[in-house]
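Below you'll find the structure, written out as structure tokens, and then a few comments.
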Amino acid sequence: MIGIACRLGNRFALLLAALALCGCAGAFFAVVDRLENARNVNERDHVVFDGKRGLALDAYSPIGAHAAPVVVFFYGGSWSEGKRHWYRYVGDALASHGVVVLIPDYRKYPDVRFPAFMRDAARAVAWVREHATEFGGDPQHLFVMGHSAGGQIAALLACDQRYLAAVGMRPRDLAGMIGVAGAYAFLPFVDDEPEIFGDDAKGRYDSQPINFVDGDEPPMLLLQGEDDDEVPPSNAQAMAERAQAMDGTATLKLYPDVGHNGILLALARGGHAQAPTLADTLAFIARIDAVGTAASTR
């Protein structure tokens, strides 16, 4: 623990200490967020996007944003845990660099099972597309992004057209998908996954984003730590290979000596040296936006 803390620096030593002392994810993320001080970002919390189901999102916008790229970020937690406000550091990091970020909640197991949370995610994306300009964003440059289980959600939105079709959209309405240590090909099921997805042929097939890659999905950026012991790197590697085999576009970035949580915590202040998660994400967004801008001026 001490060696890891030293490599991460004093600020991240505080994070690890908070986690070690109480074993509480809420306290851990509270310390992360206290390290943030993004003065050039407007924050709005608890913006309701689905009153019927009691679902809201938090919004992070660069001050003075106009027609900025938009990211809808889905957090992880094994489809059973997590809260949107824990990921303020993700919103602040991207918004500090000119990206409008919306972080929605979604219903989780055991309250619901798959695909209920996918429908929640699709409704969130449709709401953001309709309201993006209110936050200074461009609905034509809308990305989905997710970590771990959230990566699976983002990938299914981008690859399985059924979810966005239900809200009047198509995967190609997305400018791109950014997966951070995402679960794309995670059979056999473990832990609660048989109950979450259904331990039958349909559940096993429909839960795997890789099964829906056909070359018609938006460009994908797949970021993965090589030392991830929760979601094996083979998920991202297989997803990239499948996309390329189907004439799709997938960029795979593998980070040596980076684990499952470190790849996302690299977005927090003091963590950038651990992995270029932020730089690679911003470069991908800029590249896709540049292509889209060039195409629109022809």
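Bear in mind these aren't lab numbers, they're just calculated from the coordinates by the rules spelled out. None of the values given here were measured: they were computed from a predicted structure. In this analysis, Cβ positions are derived from the backbone assuming ideal geometry, glycine residues included, and neighbour counts consider all displayed protein chains.
Can you spot the lysines whose alpha carbon is less than 29 Å from Lys52's alpha carbon? Ignore those fewer than 8 places along the same chain.
Those lysines meeting the cut-off are Lys83, Lys108, Lys202.
If I model a spin label at Thr133 and Asp200 as a point 7 Å from the Cα along the Cα→Cβ vector, what separation in nanometres do I get?
Taking the two extended label points, one gets 4.6 nm.
Which residues does a label at Ala290 reach in the stretch 246-261, if reach means a backbone N under 19 Å from a point 7 Å past the Cα toward the Cβ?
Inside the label zone: 249-253.
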